[in-house]
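Structure, as structure tokens:
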Amino acid sequence: MRLSFVMPVLNEADGIEDALRALAPLRARGVEVVVTDGGSGDATVALARPLADVVIAAPRGRGMQMNAGAAASSGDVLLFLHADTRLPGRADALIGDGLARSGCAWGRFDVRIAGAHPLFPILAATMNLRSRITGIATGDQAIFMSRSAFGPGFPDIDLMEDIAMTKRLKRIGRPLCIASAVVTSGRRWEKHGVMKTILLMWWLRLAYFLGANPARLARSYGYAPRQS
């Protein structure tokens, strides 16, 4: 089984080298790293090229970028990784052994949020518990799946593509929940206010489940609209 890690990026010059260097031990053990750039206006692509196996351009939008990265990859199992999220050192073995032992077609990691705010451990524990109960995962949890389970890929929507994807995957079967945590940056919570961001994300998720337009939700989240 070969693993491919797909990282969608946009203007990540400040952190892309650290993100990819963190994957170097996994690359040395045979993991393929694919970076999909959505039209960065900085040096992201140039900085990524020496540190990844494949670097490609794709239309902007996380779902479209992840689909393009999957198409350019060669792995039997695909993992989708945010640039500000760090995997456990044995992530490859945890995925390979876990999928083989469980018979699951997909899964995700527990998450820990980096930062000093006292609410971060509570927030992470809530995210992990909710995911175990509902079988739904978010992109911060480093979602992975077999290529066959990937199927038609992520929907081309402006927000909640991870929720939509895992809702579809849940119909295939329950996820493998790996307790070893990925560590994701708390910068967005800290920048916009922790409680404000928590309440906003709860509202966005509820609105999505009630049928709200993802493009409208993306504007509420602070994402600039894509050019048609």
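Scanning region 160-169 turns up no residue that is under 15 Å from Ser73 (Cβ atoms) and not aromatic (Phe, Trp, Tyr).
There is at least one residue in region 88-96 that is under 24 Å from Thr36 (Cα atoms), among the hydrophobic types (A, V, I, L, M, F, W, C), buried (at least 16 other Cβ atoms within 10 Å of the Cβ) and in contact (Cβ under 8 Å) with a residue 12 or more places away in the chain. Looking only at region 74-85, residues that are farther than 19 Å from Val55 by Cβ and buried (at least 21 other Cβ atoms within 10 Å of the Cβ) come to 1 in all. For region 138-152, indicate whether the set of residues that are closer than 21 Å to Phe120 by Cα and of a type in the set (D, E, K, R) is non-empty. Yes; the residues of region 138-152 include at least one that is closer than 21 Å to Phe120 by Cα and of a type in the set (D, E, K, R). Inclusion of Ala207 among residues that are in contact with a Lys or Arg (Cβ under 6 Å, 6 or more places away or on another chain) and of a type in the set (Gly, Ala, Ser) is not warranted. Could you run through region 127-167 and say how many residues are of a type in the set (A, V, I, L, M), in contact with a strand residue (DSSP E or B) (Cβ under 7 Å, 6 or more places away or on another chain) and in contact (Cβ under 8 Å) with a residue 24 or more places away in the chain? Qualifying residue count, region 127-167: 5.
Determine whether Ile113 is more than 13 Å from the chain's Cα centre (by Cα), in contact (Cβ under 8 Å) with a residue 24 or more places away in the chain and assigned to a strand (DSSP E or B). Criteria met by Ile113. Across region 23-55, the number of residues qualifying as on the phi < 0 side of the Ramachandran plot, open to solvent by 50 Å² or more (accessible area, probe 1.4 Å), in contact with a strand residue (DSSP E or B) (Cβ under 8 Å, 6 or more places away or on another chain) and in a loop (DSSP other than H, G, I, E, B) comes to 1. In region 193-215 there is no residue matching the filter, namely being open to solvent by 20 Å² or more (accessible area, probe 1.4 Å), free of Cβ contacts under 8 Å to residues at least 24 places away in the same chain and within 21 Å of Val77 (Cβ to Cβ). Select from region 168-187 the residues that are open to solvent by 70 Å² or more (accessible area, probe 1.4 Å) and either over 25 Å from Ala100 (Cβ atoms) or free of Cβ contacts under 8 Å to residues at least 40 places away in the same chain (or both) and list them in ascending order. Listed by number, the residues that qualify are Lys170, Arg171, Arg187. Residue pairs whose Cβ atoms lie under 7 Å apart, separated by 6 or more positions or on different chains, with the first residue in region 8-19 and over 13 Å from Arg49 (Cβ atoms) and open to solvent by 70 Å² or more (accessible area, probe 1.4 Å) and the second of a type outside the set (A, V, I, L, M) and modelled with pLDDT of 95 or more, are Asn11/Ser40; Asn11/Gly41; Asn11/Asp42; Asn11/Thr44.
The values are calculated or read from the model by the stated rules, or taken from the named source; none is laboratory data. What you are looking at is a predicted structure, and each value in this text was computed from that prediction instead of being measured. Glycine gets a Cβ as well: all are built from the backbone with ideal geometry, and neighbour counts include every protein chain shown. Areas reflect the complete protein model, heavy atoms only, side chains present, ligands, DNA and RNA absent. Shrake-Rupley method; radii C 1.70, N 1.55, O 1.52, S 1.80 Å.
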